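Asker: Can you read through this structure? Questions will come right after.
The values are calculated or read from the model by the stated rules, or taken from the named source; none is laboratory data. Computed from a predicted structure; not experimentally measured. Cβ placement follows ideal geometry from the backbone for every residue including glycine, while neighbour counts extend to all protein chains displayed.
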Amino acid sequence: MIETTFPPDYFIGIIGIAVFAITGVLAGAKRGMDLFGIVVIALVTALGGGTLRDIILDAPVFWLENLHILWIAVIAAIAAFFLEDYFWKTYKPLLHLDALGVALFNVQAIDKTLALGFSPAIAIIMGIITGIFGGIMRDILTDRPNLVLKQELYATPILAGGILYVLMLYLFPDAGVFNTISAIAVVLIIRVAAIRWNLTYPKWLLFAGKESQ
Amino acid sequence: MIETTFPPDYFIGIIGIAVFAITGVLAGAKRGMDLFGIVVIALVTALGGGTLRDIILDAPVFWLENLHILWIAVIAAIAAFFLEDYFWKTYKPLLHLDALGVALFNVQAIDKTLALGFSPAIAIIMGIITGIFGGIMRDILTDRPNLVLKQELYATPILAGGILYVLMLYLFPDAGVFNTISAIAVVLIIRVAAIRWNLTYPKWLLFAGKESQ
Amino acid sequence: MIETTFPPDYFIGIIGIAVFAITGVLAGAKRGMDLFGIVVIALVTALGGGTLRDIILDAPVFWLENLHILWIAVIAAIAAFFLEDYFWKTYKPLLHLDALGVALFNVQAIDKTLALGFSPAIAIIMGIITGIFGGIMRDILTDRPNLVLKQELYATPILAGGILYVLMLYLFPDAGVFNTISAIAVVLIIRVAAIRWNLTYPKWLLFAGKESQ
């Protein structure tokens with residue numbers, strides 16, 4: 001996507017794609033996968049969510065006309081392949097950059113969906129799909145437990161930020177960048193808190209599953 | 001979809017979506033999944049099939065403009081989360097409502113596909129995709145064996161009803177509701193029989209798999 | 001797809017679809033799957049890649065208007081079901097026909113993507129998606145390790161052929177069939193060599209995975 005709602009967007013967007021690709025490789029790759037496989041899972045992680053969003057909205061898929069996004073993801077994947085040791089050492093800061101990327105892409109997805117004339121509820125859902133579908137597809141491809149099965153707070157910050165953002169757009173239609181920054185901040189803060197303190201839902205919001213295994 | 005071919009359609013459709021969401025949670029959720037994950041698998045189960053159908057046909061995805069469908073699925077998922085015990089007690093009747101939903105959505109998918117100008121064979125396939133893809137995606141997300149791997153008769157009743165329906169539309173183009181009801185009845189009867197007596201394909205239609213594991 | 005770039009295309013395309021369906025069943029089916037499940041995995045294997053390509057490009061999905069492709073895949077699947085023994089005996093020649101199919105569909109996907117006005121890089125990617133996505137989906141549906149997890153050289157020949165093809169189209173825009181045949185030959189030769197000698201990437205292009213499992 002990386003359309004400029006406000007100037008720093010473009011650079012955060014580029015960094016976001018690169019970080020998604022790198023964390024995608026670190027979290028998804030398995031010993032012995034070849035370089036081609038590594039690039040595939042990086043692309044799926046970094047571009048999968050936005051691709052599904054655009055397909056559902058029947059909008060042109062964002063990377064078709066923005067090849068540089070593709071190249072950045074490919075280069076980041078190759079870097080992650082050869083510099084695995086280095087990136088593992090910076091994994092914690094990378095996770096925070098990942099959170100920033102998710103927060104930004106959420107706002108961009110909502111802006112894009114609203115601009116196409118869809119309702120705020122659809123826009124919030126598109127923010128979530130953009131943020132989580134790539135990682136889910138990566139986990140399915142690499143046979144790992146995906147987001148839906150884990151208790152990690154990854155999607156909920158996006159939902160909270162999305163609800164706040166569409167509310168603010170409605171209440172303060174002229175606030176511009178202020179709304180954008182607020183929505184990004186909310187996602188970032190909740191997500192970083194979740195990373196720091198391993199936050200999960202409270203027990204009464206976890207499925208009892210009495211008859212399931 | 002829930003376009004009204006005939007009046008009761010709308011209400012059966014609403015019930016169908018809610019039941020899909022509830023049976024999706026009961027069949028797919030695992031102990032410890034959080035409420036967000038539960039809602040995701042309910043939405044995937046209830047809306048996944050129709051979503052893929054509309055994407056393949058390049059038609060507007062049905063829930064984008066029908067937000068109430070989305071809300072019903074979300075509310076049903078939350079109900080299934082908190083009232084799990086109650087719904088397990090009514091699981092058998094729920095399975096029959098699920099069959100009714102599948103039967104109705106099959107007819108609606110065929111009507112929609114034909115109205116878009118595609119051939120009867122494509123319409124039958126779209127009925128099947130609408131009926132099974134959501135459940136398959138749920139099983140992949142929750143790491144359970146999916147329909148393709150199981151012998152349960154779930155898709156075959158849809159196929160039988162679909163073939164009958166397009167034949168009747170061809171032979172009795174003016175029969176209207178009568179065709180609809182016949183097609184729904186056929187799916188419902190075969191599916192309910194399959195549930196009651198655990199019907200499967202006869203042994204000679206099960207893969208011998210001599211060299212596969 | 002099976003649009004005729006040059007006359008033999010049509011027949012190779014038909015054979016390619018049938019072979020994809022048959023090898024899809026042989027490689028994917030498990031003992032006890034019913035005939036319906038077998039046909040589903042054959043269709044997914046044979047048509048999945050081209051379907052995703054068309055959806056991403058927002059082009060009409062190729063089999064919607066070419067029902068004979070669908071029938072060929074269905075008939076081939078049923079044949080593979082009942083004649084499993086026979087097809088296992090011819091598995092090696094089938095793998096070579098599969099390579100020919102992949103090589104041809106790669107060129108067709110690139111032609112189609114370029115004709116829609118997309119860049120050569122996108123065209124190369126669409127060739128790869130067309131060639132690998134169906135098999136990946138089959139492996140996910142049947143709970144087998146997919147391409148991304150294996151070291152088999154399947155996608156890399158497609159990439160090599162794709163790069164060569166767009167380069168030749170650029171350098172020799174009037175060479176016509178000569179370009180097509182060269183691109184098909186390159187994919188076929190590398191792929192057949194990979195099958196014969198179990199070629200993989202060299203060790204330094206396999207993921208070290210020091211911290212992953």
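Asker: Going through region C:20-30 one residue at a time, which ones are surrounded by 24 or more Cβ atoms within 10 Å (Cβ to Cβ) and in a helix (DSSP H, G or I)?
Answerer: Answer for region C:20-30, where residues must be surrounded by 24 or more Cβ atoms within 10 Å (Cβ to Cβ) and in a helix (DSSP H, G or I): C:20, C:21, C:22, C:23, C:24, C:25, C:28.
Asker: Let me ask you something else. Output yes when any residue across region B:94-104 is surrounded by 16 or more Cβ atoms within 10 Å (Cβ to Cβ) and over 18 Å from residue B:45 (Cβ atoms), and no when none is.
Answerer: So far as region B:94-104 goes, no, none of its residues is surrounded by 16 or more Cβ atoms within 10 Å (Cβ to Cβ) and over 18 Å from residue B:45 (Cβ atoms).
Every residue, every condition in (1) at the interface with chain B (Cβ under 7 Å from one of its Cβ atoms); (2) hydrophobic (A, V, I, L, M, F, W, C), yes or no:
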| residue | (1), (2) |
| --- | --- |
| A:129 | no, yes |
| A:143 | no, no |
| A:148 | yes, yes |
| A:152 | no, no |
| A:161 | no, no |
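Asker: Let me ask you something else. Residues C:167, C:147, C:171, C:159: which one is buried (at least 17 other Cβ atoms within 10 Å of the Cβ) and either β-branched (Val, Ile, Thr) or out of contact with any Phe, Trp or Tyr (no Cβ under 7 Å at 6 or more places or on another chain) (or both)?
Answerer: Going through C:167, C:147, C:171, C:159 in turn, the sole match is C:159.
Asker: Separate question: Which residues, counting only those in region A:39-56, are closer than 18 Å to residue A:81 by Cβ and touching a Gly at 6+ places or on another chain (Cβ under 9 Å)?
Answerer: A:41, A:42, A:43, A:44, A:45, A:46, A:47
Asker: Still on this structure, I have one more. Within region B:94-115, how many residues are within 14 Å of chain A (Cβ to nearest Cβ) and more than 14 Å from residue B:20 (Cα to Cα)?
Answerer: Total meeting the criteria: 0.
Asker: Same structure, new question: Which residue is surrounded by the fewest Cβ atoms within 10 Å (Cβ to Cβ), if the candidates are limited to region C:59-76 and must be in a helix (DSSP H, G or I) and within 11 Å of chain B (Cβ to nearest Cβ)?
Answerer: Looking at residues that are in a helix (DSSP H, G or I) and within 11 Å of chain B (Cβ to nearest Cβ), I get C:68.
Asker: Continuing with the same structure: List the number of the failed condition for residue C:74; all other conditions in (1) closer than 27 Å to residue C:118 by Cβ; (2) modelled with pLDDT of 95 or more hold.
Answerer: (1)
Asker: Select the helices (runs of 4 or more DSSP H) contained entirely in region A:100-213, then report the ones holding at least 2 residues which are modelled with pLDDT of 95 or more, closer than 29 Å to residue A:58 by Cβ and of a type outside the set (A, V, I, L, M, F, W, C).
Answerer: A:120-141, A:155-171
Asker: From the residues in region C:169-206 that are among the charged types (D, E, K, R) and within 20 Å of the chain's Cα centre (by Cα), which one is nearest to the other protein chains (Cβ to nearest Cβ)?
Answerer: C:191
Asker: Which members of region B:34-55 meet the condition of being without any contact (Cβ under 8 Å) to a residue 12 or more places away in the chain and among the hydrophobic types (A, V, I, L, M, F, W, C)?
Answerer: Across region B:34-55, the qualifying residues are B:36, B:55.
Asker: Still on this structure, I have one more. Consider residue B:91 carefully, then state whether it is facing chain A (nearest Cβ under 10 Å) and either surrounded by fewer than 24 Cβ atoms within 10 Å (Cβ to Cβ) or more than 26 Å from residue B:177 (Cβ to Cβ) (or both).
Answerer: Yes.
Asker: Out of the residues in region C:21-36 meeting the condition of being at the interface with another protein chain (Cβ under 7 Å from one of its Cβ atoms) and out of contact with any strand residue (DSSP E or B) (no Cβ under 9 Å at 6 or more places or on another chain), tell me which one is nearest to residue B:158 (Cα to Cα).
Answerer: Only one residue fits best here, namely C:36.
Asker: While we're on this one: What residue, of A:141, A:199, A:206, is within 26 Å of residue A:51 (Cα to Cα), surrounded by 15 or more Cβ atoms within 10 Å (Cβ to Cβ) and out of contact with any His (no Cβ under 6 Å at 6 or more places or on another chain)?
Answerer: The conditions single out A:141.
Asker: Let me ask something else about it. Against the condition within 10 Å of chain C (Cβ to nearest Cβ), part of a helix (DSSP H, G or I) and under 17 Å from residue A:140 (Cα atoms), how does residue A:55 come out, does it pass?
Answerer: No, not satisfied.
Asker: Same structure, new question: Could you tell me whether region B:22-42 includes any residue that is modelled with pLDDT of 95 or more, among the hydroxyl-bearing types (Ser, Thr, Tyr) and within 18 Å of the chain's Cα centre (by Cα)?
Answerer: So far as region B:22-42 goes, no, none of its residues is modelled with pLDDT of 95 or more, among the hydroxyl-bearing types (Ser, Thr, Tyr) and within 18 Å of the chain's Cα centre (by Cα).
Asker: Only one residue in B:94, B:100 is of a type outside the set (Gly, Ala, Ser), under 15 Å from residue B:155 (Cα atoms) and either in contact (Cβ under 8 Å) with a residue 40 or more places away in the chain or in contact with a Ser or Thr (Cβ under 7 Å, 6 or more places away or on another chain) (or both). Which one?
Answerer: On inspection, the qualifying residue turns out to be B:100.
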